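Comments concern the structure below.
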Amino acid sequence: METEKEKGKVLIIDDDPVVRDVLSDILCAAGGYETCTATDGLDGIDKIRNGSFDIIFTDLKMPKLNGMDLLKETKKLSPFTPVVMVTGISSIDVAINAMKEGAKDFITKPFRIDKVTSVAERIMGEQKLMGRFCGCGDYEGSLGRLNAELFKKLQEIGVLQSISTELDGLHYNKDIYERMVEMASRLLLAREVSFGIIENGMFRIKSAIGVREGDISIENNIFEKVVKSRNYYLASFGERNPHNNIPLASAFLSIPFIINNEVFGMLNLSDKADEATFMDDEIYLALTFAKKAALRIENNALYEVFYNNLINTLKSLVISIEARDSYTKHHSERVTSYALQIADIMDLADEDKDAIRFGGYLHDIGKIGVRDTILMKPGRLTMEEMEEIKMHPIIGYNILKPLKFFQNERDIIRYHHEKFDGSGYPDGLKGEKIPTIARILTVADTYDAMTSSRPYRNKLAHNYAIKELRDCSSSQFDREIVRAFIQTDTGRGAEL
């Protein structure tokens, strides 16, 4: 246990005996420091001149010599002794100015015990750090070493921030596994790196550099030690390399990935390029990196569960809509299939295809808000009924509106009844102002509507539907999208 001498010696300077006693009691009883007191600024200077202190607490307003002047004198007598200003609330601005002049910190009256002790602890910690660098009295050299340490830490923070940003941009765990191994190899200068999942007593390698992928039993090896301890393990030279069971000729670091207090995977690094062992700062860096990666993997898993539950809920709504109207049963599935075929022909990005895959299935979800008497009416709709039907894109859009990550899908739902010439609904968008994926769905939706039986008419023939799409190109539909549809397996047999 640290003694008072080891904790440090504190000088308290204040003309108010109550303040001196309170501060002394706090620092002695709660902080464990040795304290010395001075009754005013001149008394304080005398004690500083004739003694040695680790911290000085001084009042700002004192007779004979105020706190600001005492600070200046202290900097001359003992330039590296930290000074903490003691001030009333009304004097905070003065205290801040004192910090600009070299004070280390300030505390306000009335005192909080935790504030006083935390300030003292922080300053003492900094003093001990400085002491490690200043043992020889070479302050300029010590400052240079401190700056080098600071620069190194800033580099580490920058690297970790860059890594965190890159990991956050990866949404599939397979991609994370691969990038994580590459990052770890670069970060720790390791030529052999592996990451794997723990399943049924096996370490199943998901990504590796310099190591053969496969499944490895964790029994009686380094992996078992890591799983049981749930802590990192730095293997000694001569221990068996769990990847190949050969005695280690270089440092081997194994780090567990923990979710819900269970080890679900491990990151292993060995064969450093500089042929040295892993130092404490490198291990700390590796552990920090592993925590960030584990959190990203856990977030992906939670997102996947949430996403699947959400999609299943929304799909249930679509099924309930189609169950109300036997004529539209499986309509959404067919429309999505046709739209994806068009997207393939047009070589759209995977992101657009994903939006079509989900948005296409949900494009008519707004019909949940349309009355059954209108939705299943056997005859043609009145003007009023048609206006109610026209609301379903907006209703569907609003259902998904709170889900901020479905922007493209919401566009499909809202705009799939817009027409290329601007005569569609609900917003009357024209031409390329209508998102491409919505224009694609318009063609797919129209084709399926024509080739499906409705309460008021029988389904139309494929050739007739293709002719209608072709005749309405550049008016209702985007000509290029109709051309692409005709090239699909569904649309084959006609030419534009």
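Return the residues of the stretch 440-477 that are within 18 Å of GLY360 (Cα to Cα) and acidic (Asp, Glu); say none if nothing qualifies.
If the condition is that a residue be within 18 Å of GLY360 (Cα to Cα) and acidic (Asp, Glu), then ASP445, ASP448 are the ones that fit.
Which of the following residues is in contact (Cβ under 8 Å) with a residue 60 or more places away in the chain and among the hydroxyl-bearing types (Ser, Thr, Tyr): THR446, THR436, THR442, THR451?
Numbers: THR446 fails: in contact (Cβ under 8 Å) with a residue 60 or more places away in the chain; THR442 fails: in contact (Cβ under 8 Å) with a residue 60 or more places away in the chain; THR451 fails: in contact (Cβ under 8 Å) with a residue 60 or more places away in the chain.
Being in contact (Cβ under 8 Å) with a residue 60 or more places away in the chain and among the hydroxyl-bearing types (Ser, Thr, Tyr) holds for just one of THR446, THR436, THR442, THR451, which is THR436.
Go through the stretch 358-387 and give me each residue that's without any contact (Cβ under 8 Å) to a residue 24 or more places away in the chain, surrounded by fewer than 16 Cβ atoms within 10 Å (Cβ to Cβ) and among the acidic types (Asp, Glu).
Matches in the stretch 358-387: GLU384, GLU387.
Need the failing condition index for GLY88 against (1) at pLDDT 80 or above; (2) within 15 Å of ASP15 (Cβ to Cβ), just the number.
(1)
Return a yes/no flag: does the stretch 328-345 have any residue that is modelled with pLDDT under 75 and within 22 Å of THR490 (Cβ to Cβ).
yes
The values are calculated or read from the model by the stated rules, or taken from the named source; none is laboratory data. Keep in mind it's a predicted model, so treat the numbers as computed, not measured. As a convention, Cβ positions derive from the backbone with ideal geometry for all residues, glycine included, and neighbour counts pool all protein chains shown.
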